[in-house]
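Asker: This is the structure, below, for whatever I ask next.
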């Protein structure tokens, strides 16, 4: 596969290109690979952003930190206040904090980046999947989770399946949230890095991590809840106003290319098409063709869109060839919706907010409203990808192409591959719209990143201290040190996530999908089993988790994956770029001897990446195993179930909402022996 080495997702270099290329020859003063190899004008440099953008974003980031630090006094040393905000949050706060967790930098910045690099649905699947997960959570789990009166999601599993499953779920969800946090650090780091002119993306990621960690560690879920509300009030409106300004005031999608001297239009004089639109004239070498009119045209571009682009291709989610001449990652896009929609049901932050709701009804309604808010704010951002392509796409003066690439379907012997600008949308906000609106939107995206990231840090620290360290025989975790342990454990998680983020600092949106791929493959099916089976079987949960996780790991390495996210469909659309094939000009340039692919072929290999299939298959395996074991044990009582005789597979006892009884944490542990309650496993059932 021949791709730019710095890009893991090679399809990031495919969509949005159109049949690009050769523009006016570079001047003698210009020198860059594009001009030396292909005769293209070197890309124009974007001026640095005004320092006011950085000042505004940093000021609000510091404000959020101060608010978070002030909530330190709301915790008052109580675990319930720290972990679930005293189970006191009203509907408006629950709705705001749930939507804020969903509307992170992935659903906003990552959404636009993907729709800019590919097309509308490639970005839109993110807010659709996230919003769907909240609605599904409201339908299936919110009320039941709130009724549990526990501190963490793994506590729910412990009540039905025992300590071993609790530990497996804890590890799985922590791994998941490391990637979720990493994705938001990437988004926030991208903005800070560009605004502060930080050359090293890793440095911007570490700065973001420190800002988020400070106020989360101090205030716990009170910090998260109240800063979420402020971030939502500021961020959502800023993002919406910016989105609708761009939609109403900018070109909605790249128009048909004007071309350049010698450029051949895709239709003929008198057809009423592109040629007539730009007053084309007969070509010199073949007068039957229509060429660029040098006498009246003063503008020019790279010829990237012979027929123009569209805001949306309505059949993109039903037809693999809808984006011809480019490939369409239809399998991966559908898998993304499924992964986010169902994998997010085991999200620690979503369920923590359901636990913190004042009543089960508030938890339910809050989830559903937050889901629709995610659609309302997130989906308009998908339309901004096409607008960004107009301004910083392959037909813009900022376009960059990889010289050593060819493509037969694009009729390009060299410079076939467009290299998208990782900062394109940030540049739109800082250079192509009113500064106030652009700055407001940037603040909104940073607020969204902080909102989700602080929730992720809190969730991981809580689970580590409450569900993992507490089981260590000589652990220092007691009911009096639980908050301290949670705060301390946040630090290594934040550092680990930042380290992950620095491996792919320019790929917004990627880590979000990885995060919930992890949970979908393993712990989502047993979560349904907690509430929707008559007697949840510990063995069913254990083997469901293990089988799904093992299947996912095996398929990750055994399935063909070339990094393109594109299955090997037939047709030239699904051929990767090859190395430069000829020094001749493309056939769409009026020349006596243009490139002929039949005599100088472009050596292209077929894409082969089954990403998405592995996610769906592993979830299916997890479901089949769970249902099979539940069926095989249908005649047994819980006491007679497989493995229940082992103490680590016996359902745990969770003490309900009592402050001096460890506030809803498990108490069948040596560290809390004075509070222990002995019950038969058959007493822990689901009606």
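Asker: Among the residues of the range 285-297, are any over 30 Å from residue 143 (Cα atoms), in a helix (DSSP H, G or I) and in contact with a helix residue (DSSP H, G or I) (Cβ under 6 Å, 6 or more places away or on another chain)?
Answerer: Scanning the range 285-297 turns up no residue that is over 30 Å from residue 143 (Cα atoms), in a helix (DSSP H, G or I) and in contact with a helix residue (DSSP H, G or I) (Cβ under 6 Å, 6 or more places away or on another chain).
Asker: State whether the residues of the range 636-645 include one that is surrounded by 20 or more Cβ atoms within 10 Å (Cβ to Cβ), more than 22 Å from residue 518 (Cα to Cα) and in contact with a strand residue (DSSP E or B) (Cβ under 9 Å, 6 or more places away or on another chain).
Answerer: No: the range 636-645 contains no residue that is surrounded by 20 or more Cβ atoms within 10 Å (Cβ to Cβ), more than 22 Å from residue 518 (Cα to Cα) and in contact with a strand residue (DSSP E or B) (Cβ under 9 Å, 6 or more places away or on another chain).
Asker: Quick one: how many residues across the range 527-543 are over 14 Å from residue 649 (Cα atoms), part of a helix (DSSP H, G or I) and touching a helix residue (DSSP H, G or I) at 6+ places or on another chain (Cβ under 7 Å)?
Answerer: Of the residues in that region, 4 qualify.
Asker: Which members of the range 129-154 meet the condition of being buried (at least 24 other Cβ atoms within 10 Å of the Cβ) and either at pLDDT 95 or above or assigned to a helix (DSSP H, G or I) (or both)?
Answerer: 129, 130, 131, 133, 134, 137, 141, 142, 145, 146, 153, 154
Asker: What residue, of 400, 377, 339, 390, is closer than 28 Å to residue 243 by Cα and in contact with a strand residue (DSSP E or B) (Cβ under 8 Å, 6 or more places away or on another chain)?
Answerer: Result: 400 is the single residue among 400, 377, 339, 390 that is closer than 28 Å to residue 243 by Cα and in contact with a strand residue (DSSP E or B) (Cβ under 8 Å, 6 or more places away or on another chain).
Asker: Now for a different question. Looking only at residues that are surrounded by fewer than 23 Cβ atoms within 10 Å (Cβ to Cβ) and out of contact with any strand residue (DSSP E or B) (no Cβ under 8 Å at 6 or more places or on another chain) in the range 346-362, which one is farthest from residue 150 (Cα to Cα)?
Answerer: Step by step, filter the range 346-362, then rank; the result is 361.
Asker: Can you tell me which residues in the range 281-314 are more than 22 Å from residue 390 (Cα to Cα) and free of Cβ contacts under 8 Å to residues at least 24 places away in the same chain?
Answerer: 281, 282, 287, 288, 293, 295, 296
Asker: Just checking, does the range 352-366 include any residue being assigned to a loop (DSSP other than H, G, I, E, B), under 26 Å from residue 140 (Cα atoms) and touching a residue at least 60 places away in the same chain (Cβ under 8 Å)?
Answerer: Yes, there is a match, as at least one residue in the range 352-366 is assigned to a loop (DSSP other than H, G, I, E, B), under 26 Å from residue 140 (Cα atoms) and touching a residue at least 60 places away in the same chain (Cβ under 8 Å).
Asker: Among residues belonging to the range 190-204 that are without any contact (Cβ under 8 Å) to a residue 60 or more places away in the chain and either more than 15 Å from residue 58 (Cβ to Cβ) or in contact with a strand residue (DSSP E or B) (Cβ under 6 Å, 6 or more places away or on another chain) (or both), point out the one that is surrounded by the most Cβ atoms within 10 Å (Cβ to Cβ).
Answerer: The residue in question is 200.
Asker: Just to be sure I understand, how many residues within the range 248-263 are within 40 Å of the chain's Cα centre (by Cα) and surrounded by 15 or more Cβ atoms within 10 Å (Cβ to Cβ)?
Answerer: Counting residues in the range 248-263 that are within 40 Å of the chain's Cα centre (by Cα) and surrounded by 15 or more Cβ atoms within 10 Å (Cβ to Cβ) gives 11.
Asker: Ok, one more. Would you mind telling me which numbered condition in (1) under 24 Å from the mean Cα position of the chain (by Cα); (2) part of a helix (DSSP H, G or I); (3) surrounded by 24 or more Cβ atoms within 10 Å (Cβ to Cβ) residue 514 fails?
Answerer: The single condition residue 514 does not satisfy is (3).
Asker: Is it the case, given these coordinates, that residue 683 is within 25 Å of residue 356 (Cα to Cα) and at pLDDT below 50?
Answerer: Spelling it out, it is not the case that residue 683 is within 25 Å of residue 356 (Cα to Cα) and at pLDDT below 50.
Asker: Right, another one. Anything in the range 622-635 that is crowded, with 20+ Cβ neighbours inside 10 Å and more than 24 Å from residue 148 (Cα to Cα)? List them, or say none.
Answerer: 622, 625, 629
Asker: For the range 274-303, enumerate the residues that are at pLDDT below 95 and under 43 Å from the mean Cα position of the chain (by Cα).
Answerer: Of everything in the range 274-303, those that are at pLDDT below 95 and under 43 Å from the mean Cα position of the chain (by Cα) turn out to be 297, 298, 299, 300, 301, 302, 303.
Asker: Here are 45, 30: which of them is over 29 Å from residue 110 (Cβ atoms) and either in a loop (DSSP other than H, G, I, E, B) or at pLDDT 50 or above (or both)?
Answerer: Going through 45, 30 in turn, the sole match is 30.
Asker: Taking residue 406 and the conditions (1) in contact with a helix residue (DSSP H, G or I) (Cβ under 9 Å, 6 or more places away or on another chain); (2) surrounded by 20 or more Cβ atoms within 10 Å (Cβ to Cβ), which numbered condition does it fall short on, given that it satisfies the others?
Answerer: Of (1) in contact with a helix residue (DSSP H, G or I) (Cβ under 9 Å, 6 or more places away or on another chain); (2) surrounded by 20 or more Cβ atoms within 10 Å (Cβ to Cβ), only one is false for residue 406: (1).
Asker: From 611, 641, 637, which residue is closer than 30 Å to residue 561 by Cα, at pLDDT 50 or above and in contact with a helix residue (DSSP H, G or I) (Cβ under 7 Å, 6 or more places away or on another chain)?
Answerer: 611
Asker: Which residues, counting only those in the range 155-171, are in a helix (DSSP H, G or I) and out of contact with any strand residue (DSSP E or B) (no Cβ under 9 Å at 6 or more places or on another chain)?
Answerer: 157, 160, 161, 164, 165, 167, 168, 169, 170, 171
Asker: Please state which one of 576, 603, 609, 614 is in contact with a strand residue (DSSP E or B) (Cβ under 8 Å, 6 or more places away or on another chain) and under 30 Å from residue 343 (Cβ atoms).
Answerer: 576
Asker: All but one of (1) at pLDDT below 95; (2) part of a helix (DSSP H, G or I); (3) over 32 Å from the mean Cα position of the chain (by Cα) hold for residue 556; state the number of the condition that does not hold.
Answerer: (3)
Asker: Sticking with this one: Could you run through the range 428-442 and say how many residues are more than 14 Å from residue 240 (Cα to Cα) and within 22 Å of the chain's Cα centre (by Cα)?
Answerer: Count: 1.
Asker: Continuing with this model, one more query. Given the criteria modelled with pLDDT of 95 or more and part of a loop (DSSP other than H, G, I, E, B), does residue 409 qualify?
Answerer: For residue 409, the condition - modelled with pLDDT of 95 or more and part of a loop (DSSP other than H, G, I, E, B) - is met.
The values are calculated or read from the model by the stated rules, or taken from the named source; none is laboratory data. Predicted model, so just to flag it, every value in this text is computed and none were measured. Note that each Cβ is placed from the backbone with ideal geometry, even for glycine, and that neighbours are counted across all protein chains shown.
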